[in-house]
Amino acid sequence: MASILVYGPSGLGKSRGIKNLTPEETFVISADEKELPWRGWASQYRTALTPEGKFDLMRSNYYEGNDPRKIVKLQKDIIEKRHDITTIIYDTITHMMMYRFMTDPDTSWDFYKILAKEMYAIIDQGKKDKDKLHIFVGHSDIGYDAVGKKVEKVRTIGKLLDDKIDLPSLFTVVLTPEVIRKDKDADYGFITQSNGVSSAKSPEGMFDYRIPNDYALVREKYFEYQTGV
């Protein structure tokens, strides 16, 4: 099917984009381990346990955890066993990397190679899945390109992930959030094409330049484009 990358600063509506998706068809992997940002979310997204107190994959659509070694197995199980799930949200890949860095006592060069392989495995497994939409969410950092121009990049741990695995290059669709303030109101949206600073991109004609921060709309427009309907 497809994998989409969404990245930007905290508080600009990346998680809010989940709200209009159908909960019965959506699985949220919450690596940030925080509540979803709308009223009543906990009645829509639940973690169920077996009688033995273990995570019940077949009755859950929400998982809190940020160890990429566990998430890649969970991802595989959802792909293979949960045929009712059409969209998987990874919120966020940044905190998967942060967890590994903060909990692993060995942060030698080999650690960064291992971490890069772990993150690549999750993204690659999502890209190869033909039956579900995988939305990878990340935080952003400010960096500089080869000529010293300021750019927005995906926040990672270590230069190896930046230099050898340029995350936006792995995706056809990359969205970045934007908030337009109007007095006391705020209009939250996603930018779909680069403004020269971000890595936002999408195929010609798939989206308008700016769209609402709504993953259900993103999903709809993506499939309209692919099928031509």
Having 1 or more residues that are more than 15 Å from the chain's Cα centre (by Cα) is the bar; report the strands (runs of 3 or more DSSP E) wholly within segment 123-228 that clear it.
140-144, 150-154, 173-182, 185-191, 210-212
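Here is a yes/no grid of residues against (1) more than 18 Å from I135 (Cβ to Cβ); (2) surrounded by fewer than 18 Cβ atoms within 10 Å (Cβ to Cβ):
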position: P9; (1), (2): no, yes
position: K14; (1), (2): no, no
position: G17; (1), (2): no, no
position: E24; (1), (2): no, yes
position: A31; (1), (2): no, no
position: W41; (1), (2): no, yes
position: Q44; (1), (2): no, no
position: T50; (1), (2): yes, yes
Kindly list, by first and then second residue, each pair from a residue in segment 177-199 that is under 13 Å from G13 (Cβ atoms) to a residue that is of a type in the set (S, T, Y) and open to solvent by 40 Å² or more (accessible area, probe 1.4 Å), limited to pairs with Cβ atoms under 8 Å and residues at least 6 apart or on different chains.
P177/Y188; E178/Y188; V179/Y188; I191/Y209
Just for segment 201-220: of the residues that are of a type in the set (G, A, S) and open to solvent by less than 40 Å² (accessible area, probe 1.4 Å), which one is nearest to T176 (Cα to Cα)?
S202
Would you be able to say whether some residue in segment 153-176 is farther than 20 Å from I123 by Cα, open to solvent by 30 Å² or more (accessible area, probe 1.4 Å) and in contact with a Gly (Cβ under 6 Å, 6 or more places away or on another chain)?
no
Restricting attention to segment 31-51, does a residue exist that is in contact (Cβ under 8 Å) with a residue 40 or more places away in the chain and within 28 Å of R181 (Cβ to Cβ)?
yes
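The values are calculated or read from the model by the stated rules, or taken from the named source; none is laboratory data. Remember, predicted model here, so these are calculated numbers, not experimental data. Neighbour counts run over all protein chains shown; Cβ positions are idealised from the backbone, glycine included. Just the protein is used for accessible areas: all its heavy atoms, side chains included, with ligands, DNA and RNA removed. Shrake-Rupley method; radii C 1.70, N 1.55, O 1.52, S 1.80 Å.
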